[in-house]
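Okay, so here's the structure we're looking at.
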Amino acid sequence: VAKVSPDDGAIADSAVLAALDDAMILKPDIINMSLAKYAGMSSEAGSVYEGVLKALTDAGITVNACAGNEIRPLCG
């Protein structure tokens, strides 16, 4: 298990990419990621993600990524 999100929910591309890099060493069967609407996978980092995700797939690691989840506060 790797947690890359701080308590405020902001996920830096560098943290996600570092966790994915670690996965190349740990060799899990599957990676499940759930990223909030405003976190991770910025368009500027898109080509970097593309290469990393291809390398993971080529290594036989299935990557499931749910992006675009909007963080909504609980209503009281």
Subtracting the Cα-Cα distance from 0.36 nm times the residue separation, let me have the gained length for residue 27 to residue 57 in nm, one decimal. 9.7 nm
What's the ranking of 24-32, 50-58 by average number of surrounding C-beta atoms within 10 Å, highest first? 50-58, 24-32
Scan around residue 65 for amide H atoms under 5 Å from its own, H built in the peptide plane at 1.01 Å from N, and keep only partners 5 or more places away or cross-chain. 33
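Values quoted throughout were computed directly from the atomic coordinates according to the rules given, and no laboratory measurement underlies them. For clarity, every value in this text was computed on a predicted model and none was experimentally measured. Ideal geometry is used to build each Cβ from the backbone, glycine not excepted, and the neighbour counts take in all protein chains shown.
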